[in-house]
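J.: Attaching a single structure in C-alpha cells format; questions to follow.
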Amino acid sequence: MATGGLKPALIRRSAGEIGSSIEEIFRREAGRVLATLIRLLGDFDLAEEAQQDAFAAALEQWPMRGMPDNPRAWLISTGRNRAIDRIRREVFFRENIVPRELAETNEEAEIDPSEAIFGDDALRLIFTCCHPALNDEAQIALTLREVCGLSTQAVARAFLVSEETMAQRLVRAKKKIRDAGIPYETPHPSVLDQRIEGVLAVVYGVFTEGYAATAGSRLIDVELCAEAIRLGRLLDSLLPKNSAVMGLLALMLLHDARHSARVTDGGDVILLDNQDRSRWDQGEIAEGLLLVDKSLGAGCQVSPYAVQAAIAALHVRAVDRQATDWPQIIGLYEVLLRLQPTPVIELNHAVAVSMVDGAERALNLVDSLAARGDVTQYHLLHAARGRFLEQLGRLEDARDAYGAALKTAALEPERRFLASRIAGL
Amino acid sequence: MNYLLMIYNNEAETAAMNEDSRKKMMAEYTEFTKSIVQSGHFKAGDRLRPVSTASTVRVRNGKAAIADGPFAETREQLGGYYLIDAKSLDEATAIAGRIPGARYGSIEVRPIWPPVA
C-alpha cells in the first residue's frame, strides 16, 4: 500500500481509547481529507461519499489492526479507492463493461502527504465554499459543513432551521458550484486580497453568530465560536503573516477569552465593568495580544479587524474601567471610522467619547447618528442613549430610551438587562 | 464551458449620452471585442436595439398573442450580449468585468446547458 500500510499498535490500547482518538483524528482531518478528495475526484458529492466510506473503513479496521502511520493519507487513499469502486460499479451496471480508462486510474497513484499539498487543497476548499457567487448564508453553511466537518443537523441548529431546509440549502449551493463552473482553485493574485476579505467575513459571521445568537434565550453558543477560531487558526497557518487574518484571529480570541465572564450562570448579561476578570482565559488573551502586535506590524495596509482587535486589547490590558486608555480607544475608533464608516462603529465611538468628554457630547454624537436615519430599529443605539441620559440625570428621557431599546431587542438576556435598567431608574 | 454575458444598462441614460461619450464607448466595445476574439473566448456577441422596438410573443391554447414590448418596467434593460467560452466562473466573471457596460450598468453571467446528446 502506497500509504505505508497498517502497523499493529505497539502499545495495546482499550477499544474506548482507540475509539476516542479515532474521533479526534476524524474531527481534525475531516476538512483536509475532503479537500484533497474533491481535487482527486473532481466532484463534491462523490468526495463526501468517499470521505464517509473512508471513515467507516477506519472505524472497522483501526481498532483491530492498529492506526496507520499517516492516518490522513490512509483516509484519502481509501476514500479515493472506494469512490473509484463505486463509479466502476455504476458504470458496470449501466454498460456491463469496465471502461479501460477507469481501470487504469485505479492504480495506486502516489498520494503526497506533505503539508504543502494539503494546505493548497484546504485553501481551495475554503475559497470555493466562500465564493462570492454563492449567497452569504450558503457560504457560511457550506464552510461549516465542508471545511469544519459539522453535520448537516449541527449546521441547521446553528441557523435555527430544520435539518431538511439546511440539507436543501447545501444541495442548492453545491449544485451552483457544479453548474455555474465555480472553480476549485485558489483565486488569481489580482483578486486574492478581495477574496480573502470574503473568507474572513464568513469566519467572522460564524463567530458573531455564535457570540450573540440573533434570537433565542442563550447569549453565547460556544460551539460556533470555537469553530470560527479553529477556522481562523487554519487560515493563519495557510496564509501566514497576513495582517487581516491575524487581526481577525486576535479579535476573536480576545472576545472569546471573556465569554465565560460575560454572562451569569443564569444567562444574564454582565457589563465589562462588573466582569470577574479572574474568569478570563489568560491563554487566549496572551495569544490574542501577540497576534494584535504582529497584525499591526505586518507592514501593509492595516485591516479593520486588526484595529478592532487593538481596541479589544486595550480593554483586556486595563485592570478596570478607570485604568482603560480611553483616549487611545477613541483614536482607534476614528481610524476604524475612516476604514469602515458604519453606524455600529459610530455608536461605539460615541460610547468611548462619553468616557473622556462626558455624556453630553456622546449624546450629541448619537443623536446626530439617529437623525441620519436607518438605525431606529437598532436597539443598542437606544440603550446607549438611555445610559447617557441616565448619567445626565434626565431619568424620564432615559426611561423612554430604554423602553425603545426593549421594543427592538431580540435576545432574552439583553431584554432582561434592559428591564432591570428601567427598574433601577 | 459556455457562458452568456447579458449586458444590462439604463437605456434612458445611454440615449442621453453626448456624441463624444457615445463614440468613446463604442471604441471601447470594439477594443474589448477584439481582445476576446484574440484570446479565443469569443463565440458571439451583439448589441440589441432599444426595448421600444421589442415585441413579446405568447402561445396559449395554440394561439399566438403578440404584444408590444416586455411588460415589466425595470430600471435597467438588456442591451446586448456576449457568448463566451471560459474555463470557469472566475474566468467568465473576470471577462464580464472588462465589458465597458459593467462600469455603468451590470452584467448577468449565466452558464449554458451543454447540448443534449
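The values are calculated or read from the model by the stated rules, or taken from the named source; none is laboratory data. On a predicted model such as this, the values are computed, not experimentally measured, just so you know. Backbone-built Cβ (ideal geometry, glycine too); neighbour counts: all protein chains shown.
J.: Show the residue pairs that are 6+ apart or on different chains and have beta-carbon atoms under 6 Å apart, the first residue being within the range B:3-28 and modelled with pLDDT of 95 or more, the second being polar (S, T, N, Q).
T.: B:Y8/B:S106
To keep it simple, each residue is scored yes or no on (1) touching a helix residue (DSSP H, G or I) at 6+ places or on another chain (Cβ under 9 Å); (2) surrounded by 22 or more Cβ atoms within 10 Å (Cβ to Cβ); (3) over 18 Å from A:V202 (Cα atoms).
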position: A:N242; (1), (2), (3): yes, no, no
position: A:M252; (1), (2), (3): yes, yes, no
position: A:D268; (1), (2), (3): yes, no, yes
position: A:Q275; (1), (2), (3): yes, no, yes
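J.: Can you name every residue in the range A:329-345 that is farther than 24 Å from A:R385 by Cβ and in contact (Cβ under 8 Å) with a residue 24 or more places away in the chain?
T.: A:V335, A:L339
J.: Here is a follow-up. Here is a check on your reading of the model: is A:D193 over 12 Å from the mean Cα position of the chain (by Cα), within 14 Å of chain B (Cβ to nearest Cβ) and not basic (K, R)?
T.: no
J.: Now a separate question. Checking B:N61 against (1) closer than 30 Å to A:R124 by Cβ; (2) without any contact (Cβ under 8 Å) to a residue 40 or more places away in the chain, only one condition comes out false. Which one?
T.: (1)
J.: I would also like to ask the following. Tell me whether the range A:259-266 contains one or more residues that are without any contact (Cβ under 8 Å) to a residue 24 or more places away in the chain, closer than 18 Å to A:T208 by Cα and of a type in the set (A, V, I, L, M). If you could, list the steps in order and put the result at the bottom.
T.: To start, the set of residues in the range A:259-266 that are without any contact (Cβ under 8 Å) to a residue 24 or more places away in the chain comprises A:260-261, A:264-266.
Those still in the list that are closer than 18 Å to A:T208 by Cα too: A:260-261.
Next, from what is left, pick out any that are of a type in the set (A, V, I, L, M): A:261.
For the range A:259-266, residues without any contact (Cβ under 8 Å) to a residue 24 or more places away in the chain, closer than 18 Å to A:T208 by Cα and of a type in the set (A, V, I, L, M): present.
J.: Does any residue in the range A:315-328 that is closer than 19 Å to A:A250 by Cα and free of Cβ contacts under 8 Å to residues at least 24 places away in the same chain come within less than 6 Å, Cβ to Cβ, of a residue that is of a type outside the set (A, V, I, L, M) and part of a loop (DSSP other than H, G, I, E, B) six or more places away or on a different chain, and which pairs are these?
T.: So the pair list comes out as A:A318/A:T324.
J.: Does A:I177 satisfy the condition of being within 11 Å of chain B (Cβ to nearest Cβ) and part of a helix (DSSP H, G or I)? Steps first, please.
T.: On the way: within 11 Å of chain B (Cβ to nearest Cβ): yes; part of a helix (DSSP H, G or I): yes.
Considered against the rule, which asks whether it is within 11 Å of chain B (Cβ to nearest Cβ) and part of a helix (DSSP H, G or I), A:I177 comes out as yes.
J.: Being of a type outside the set (D, E, K, R), touching a helix residue (DSSP H, G or I) at 6+ places or on another chain (Cβ under 6 Å) and in contact (Cβ under 8 Å) with a residue 60 or more places away in the chain, is that true of even one residue in the range A:174-183?
T.: Residues of the range A:174-183 that are of a type outside the set (D, E, K, R), as a first pass: A:177, A:180-183.
Checking which are touching a helix residue (DSSP H, G or I) at 6+ places or on another chain (Cβ under 6 Å) leaves us with A:180-183.
Those still in the list that are in contact (Cβ under 8 Å) with a residue 60 or more places away in the chain too: none.
For the range A:174-183, residues of a type outside the set (D, E, K, R), touching a helix residue (DSSP H, G or I) at 6+ places or on another chain (Cβ under 6 Å) and in contact (Cβ under 8 Å) with a residue 60 or more places away in the chain: absent.
J.: Here's a check for you: in the range A:144-174, which residue that is of a type in the set (A, V, I, L, M), touching a Leu at 6+ places or on another chain (Cβ under 8 Å) and farther than 15 Å from A:I126 by Cβ is farthest from the other protein chains (Cβ to nearest Cβ)? If you could, list the steps in order and put the result at the bottom.
T.: Restricting attention to the range A:144-174, the residues satisfying the condition of being of a type in the set (A, V, I, L, M) are A:144, A:147, A:150, A:154-156, A:158, A:160-161, A:166-167, A:170-171, A:173.
Among the residues that remain, those that are also touching a Leu at 6+ places or on another chain (Cβ under 8 Å) are: A:144, A:147, A:150, A:154-155, A:158, A:170, A:173.
Subset that is farther than 15 Å from A:I126 by Cβ: A:154-155, A:158, A:170.
Numbers: A:A154: 29, A:V155: 24, A:A158: 27, A:L170: 19 Å.
Only one residue tops the list, namely A:A154.
J.: Sort through A:R27, A:R32 and tell me the only one that's at pLDDT 85 or above and out of contact with any strand residue (DSSP E or B) (no Cβ under 9 Å at 6 or more places or on another chain).
T.: Details: A:R27 fails: at pLDDT 85 or above.
Checking each option against the conditions leaves just A:R32.
J.: Do we have A:L224 as away from every other protein chain (no Cβ under 14 Å), assigned to a helix (DSSP H, G or I), surrounded by 21 or more Cβ atoms within 10 Å (Cβ to Cβ) and at pLDDT below 90 here? Walk me through how you get there before you give the answer.
T.: Numbers: away from every other protein chain (no Cβ under 14 Å): yes; assigned to a helix (DSSP H, G or I): yes; surrounded by 21 or more Cβ atoms within 10 Å (Cβ to Cβ): yes; at pLDDT below 90: yes.
For A:L224, the condition - away from every other protein chain (no Cβ under 14 Å), assigned to a helix (DSSP H, G or I), surrounded by 21 or more Cβ atoms within 10 Å (Cβ to Cβ) and at pLDDT below 90 - is met.
J.: Answer with yes or no whether B:A12 is more than 30 Å from A:T186 (Cβ to Cβ), among the aliphatic types (A, V, I, L, M), exposed (fewer than 15 other Cβ atoms within 10 Å of the Cβ) and within 16 Å of the chain's Cα centre (by Cα).
T.: Numbers: more than 30 Å from A:T186 (Cβ to Cβ): yes; among the aliphatic types (A, V, I, L, M): yes; exposed (fewer than 15 other Cβ atoms within 10 Å of the Cβ): yes; within 16 Å of the chain's Cα centre (by Cα): no.
Here the answer is no, as B:A12 does not meet what is asked.
J.: Where in the range A:234-336 are the helices (runs of 4 or more DSSP H), entirely inside, with at least 3 residues that are under 18 Å from the mean Cα position of the chain (by Cα)? If you could, list the steps in order and put the result at the bottom.
T.: On the way: elements: A:243-256, A:259-262, A:282-296, A:304-317.
Of the helices (runs of 4 or more DSSP H) lying wholly inside the range A:234-336, those with at least 3 residues that are under 18 Å from the mean Cα position of the chain (by Cα) span A:243-256, A:282-296, A:304-317.
J.: Would you mind listing the helices (runs of 4 or more DSSP H) fully within the range A:365-425 where at least 3 residues are modelled with pLDDT of 90 or more, surrounded by 15 or more Cβ atoms within 10 Å (Cβ to Cβ) and over 29 Å from the mean Cα position of the chain (by Cα)? Please lay out each step first, then the result.
T.: Working: elements: A:379-391, A:395-408, A:412-423.
Ranges flagged: A:379-391, A:395-408.
J.: Can you list the strands (runs of 3 or more DSSP E) lying wholly within chain B that have 1 or more residues being within 14 Å of chain A (Cβ to nearest Cβ) and not small (G, A, S)? Break it down stepwise before answering.
T.: Values: elements: B:2-9, B:42-47, B:55-60, B:63-68, B:77-85, B:106-111.
Passing ranges, in order: B:2-9, B:77-85, B:106-111.
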